[in-house]
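Trainee: Please read through the structure below; I'll follow up with questions.
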Amino acid sequence: MDNSKRDWSPFIWVVLVIVAWLLSPWLVNWVVTTAPKDTIEFGTFGDSFGALTSLFTGLAFVGLIITLRQQKVQIEMQRQDLKLQRGEMKAAREELAGQKGQMELQNQSLKQQMFEQTFFNLLNVFNSYIADLVQTEVLEGGEPKKGRDQLEEICKELTNASRKVRHGPVEMDPLGGIIEHFRELGDEEYLVAVVQRFQNRYIEYANDLNSYFRLLYNLIRLVDESSINTKKRYVDILRAQLSDSELLLIALNSERPEGAKLKERATRYNLLKHLPKTINDLPTVDVCKAIGVLSKAERGTD
């Protein structure tokens with residue numbers, strides 16, 4: 001509170017009352033000693049001080065009222081101070097909440113940036129690996145295939161069985177209903193030839209393909225295990241860079257026991273959304289099923 005605006009009147013009244021009280025004995029003594037003895041009736045004179053007593057009582061009551069008034073003013077001021085403090089605390093809380101929200105946004109932004117940096121770095125490694133693939137067996141005078149052209153060549157080598165090849169009676173019980181279906185179409189031998197070619201020749205390209213599938217799996221795993229909200233967006237970015245031959249290789253490898261984890265995450269994010277419908281004139285879905293059934297049968301699993 002500003003001292004220059006303080007109300008000094010209560011203190012003045014208190015001082016005046018104290019001074020009057022201190023002077024009253026001398027005043028009474030002066031009246032008694034100066035007045036003629038025969039003119040003073042001491043009983044009446046003493047009673048006359050009853051008015052003075054009433055005055056002091058009234059002054060005491062006034063002092064009490066003034067005190068109560070001062071206390072009311074002080075309580076009101078304290079109430080205003082508390083109100084201001086509550087307002088300041090509320091503003092401080094709101095400011096802290098705003099800062100907390102900004103920090104959360106900054107943390108999310110930082111996590112997003114770190115994820116994107118890791119994702120695109122790994123994507124570059126993946127594409128660089130593909131670019132470094134080179135055909136080893138080249139016809140005389142021919143140019144070796146590189147990159148995704150080599151992956152397309154590998155896909156052809158793994159599935160390019162001839163319809164003219166005869167295997168005799170087909171007795172592959174593990175393929176069950178799939179064989180029955182193709183027997184009706186007259187293509188059961190061709191289906192078996194494609195499946196067996198893939199199984200037999202995969203080992204020739206295992207070094208290139210296994211590294212390819214591991215990099216691809218780790219890319220999808222990075223997205224799947226991240227805390228970002230737009231996971232599908234990044235899988236779509238990856239899918240947009242895959243060729244038809246790559247989609248076929250991924251689908252065929254996913255039916256092998258070694259490709260089970262990749263198949264799980266690829267299915268979750270619909271990575272094979274644009275998978276070609278046929279492979280060497282056979283339905284891709286049926287070829288994949290046949291590879292899966294045969295792989296399990298060879299390993300003695302259900």
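Trainee: So how do ASP224, ASP132 rank on accessible area, 1.4 Å probe, biggest first, that is with the largest at the start?
Mentor: Correct descending sequence by accessible area is ASP132, ASP224.
Trainee: So, one more: Counting only C-alpha contacts under 8 Å and six or more residues apart, can you give the relative contact order of region 102-162 as a whole percent?
Mentor: The value is 21 percent.
Trainee: What is the set of long-range amide H partners of ILE279 at a cut-off below 5 Å, with H atoms built 1.01 Å from backbone N?
Mentor: Result for ILE279 returns THR284.
Trainee: Moving to a separate point now. Given a 1.4 Å probe and every protein chain left where it sits, what share in percent of the accessible area of region 189-302 is carbon and sulfur?
Mentor: 46
Trainee: On to the next question. Can you spot the lysines whose alpha carbon is less than 21 Å from LYS277's alpha carbon? Ignore those fewer than 8 places along the same chain.
Mentor: LYS156, LYS263, LYS289
Trainee: Related question: Can you give the accessible area per residue of region 182-301, in Å², using a 1.4 Å probe?
Mentor: Per-residue accessible area for region 182-301 comes out at 49 Å².
Trainee: Ordering ILE228, ILE65, ILE203 by how much accessible area each has at a 1.4 Å probe, largest first, what is the list?
Mentor: Per-residue accessible area, sorted high to low, gives ILE203, ILE65, ILE228.
Trainee: Looking at the P(r) of region 57-164, how many percent of alpha-carbon pairs lie beyond 19 Å?
Mentor: Taking all Cα-Cα pairs of region 57-164, the fraction more than 19 Å apart is 76 percent.
Trainee: With viscosity set to 0.692 mPa s at 37 °C, what whole-number translational diffusion coefficient in µm²/s follows for region 101-153 from Stokes-Einstein and a Kirkwood radius over Cα pairs?
Mentor: 237
Trainee: Given a 1.4 Å probe and the protein chains all in place, what does the accessible area of VAL15 round to, in Å² to the nearest 10?
Mentor: Approximately 80 Å² for this residue.
Trainee: Rolling a 1.4 angstrom probe over the protein chains, ignoring ligands and nucleic acids, what is the accessible area of TYR129 in square angstrom, nearest 10?
Mentor: 50
The values are calculated or read from the model by the stated rules, or taken from the named source; none is laboratory data. All of these numbers come straight from a predicted model, not from anything done at the bench. Each accessible area value is taken on the protein alone, full model and side chains, heavy atoms only, with ligands, DNA and RNA left out. Shrake-Rupley method; radii C 1.70, N 1.55, O 1.52, S 1.80 Å.
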